[in-house]
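In what follows, a structure is listed as structure tokens, so that the remarks can point back to it.
The values are calculated or read from the model by the stated rules, or taken from the named source; none is laboratory data. Small disclaimer: the values here were computed from a predicted structure and weren't measured. In this analysis, Cβ positions are derived from the backbone assuming ideal geometry, glycine residues included, and neighbour counts consider all displayed protein chains. Each accessible area value is taken on the protein alone, full model and side chains, heavy atoms only, with ligands, DNA and RNA left out. Shrake-Rupley method; radii C 1.70, N 1.55, O 1.52, S 1.80 Å.
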Amino acid sequence: MYAFDAHVNDARVITVPRRSDFSIDVAGVAAAVEAHHPKLLFLTSPNNPDGSMLSAEDLAALLRLPVLVVLDEAYIEFSDQPSSMRLVQRHANLIVLRTFSKRAGLAGLRVGYGAFPLALVEYLWRAKQPYNVSVAAEVAACAALSNQPYLQTVRDALVRERGASWRS
């Protein structure tokens, strides 16, 4: 998805493959940042499809690089690890993105949210499209947020199904 959006906007994509165990090649990313000077680094944690998590040590190392780190936590509720969203307050180069697609079962409505350094918010508002979230998506997201038992039920059902599919 991020590579698609980059290409649509005529941005160059530099890919650093994950290691064979799906972990991030931090040294490879650092080398790519030094060689190519990208503006953004996109990471997923938990990673899809294997569910591997970015370790706190690896994230700390990546946050020391001279690049804006965008951490996609679309599957964080299905992990036993805490979100890194709290780190945004301490790191001016960290953005954490979340979605209602997975946890709330609202994939078709394309609604999500993020935590951004305050210094970036002004620029994000300039680039934000008007009416980029539909009324239906906004109502569904607000309803989901106001119903934590529902969110937990959806999460638990998805985890059960994931376990059942792995056993079969």
message: Below 15 angstrom from the Cβ of TYR150, what's the summed charge of the other residues (Lys, Arg +1; Asp, Glu -1)?
response: +1
field: MRE, 222 nm, helices only [DSSP H, n ≥ 4, -39500 (n - 2.57), over the chain, to nearest 500]
entry: -12000 deg cm²/dmol
message: If I take every Cα pair under 8 Å that is 6 or more residues apart in the chain, average their sequence separation and divide by the length, what percent do I get for the relative contact order?
response: 14 percent
3J(HN,Hα) from dihedral phi, segment 27-33, Karplus parametrisation 6.51/-1.76/1.60, rounded to Hz, x for glycine, proline: 5, x, 5, 4, 5, 5, 5
For the chain, size of Cβ-based charge dipole, Lys and Arg +1, Asp and Glu -1, in debye: 240 debye
field: Length gained when the stretch GLU138-ARG19 is fully extended (0.36 nm per residue, less Cα-Cα span)
entry: 39.0 nm
message: Roughly how far apart, in whole Å, are the Cα centres of segment 48-75 and segment 83-146?
response: 18 Å
query: Using a 1.4 Å probe, what is the accessible area per residue for the chain, in Å²?
result: 65 Å²
field: Matching label, volume of the Cα convex hull per residue in Å³ computed from the structure shown, candidates [x] 245; [y] 128; [z] 145
entry: [z]
- request: Could you check how much of the accessible area of segment 56-118 is carbon and sulfur, as a whole percent, using a 1.4 Å probe?
  value: 55 percent
Directionally averaged shadow of segment 85-168, computed from the convex hull of its alpha-carbon atoms, nm²: 7.3 nm²
message: I need the phi-derived Karplus couplings for segment 102-113: 6.51 cos²θ - 1.76 cosθ + 1.60, θ = phi - 60°, integer Hz, Gly and Pro marked x.
response: 8, 4, 9, x, 10, 4, x, 8, 6, 10, x, 7
query: So, counting K/R as plus one and D/E as minus one, what does the shell of residues with Cβ under 13 Å around SER84 add up to?
result: -1
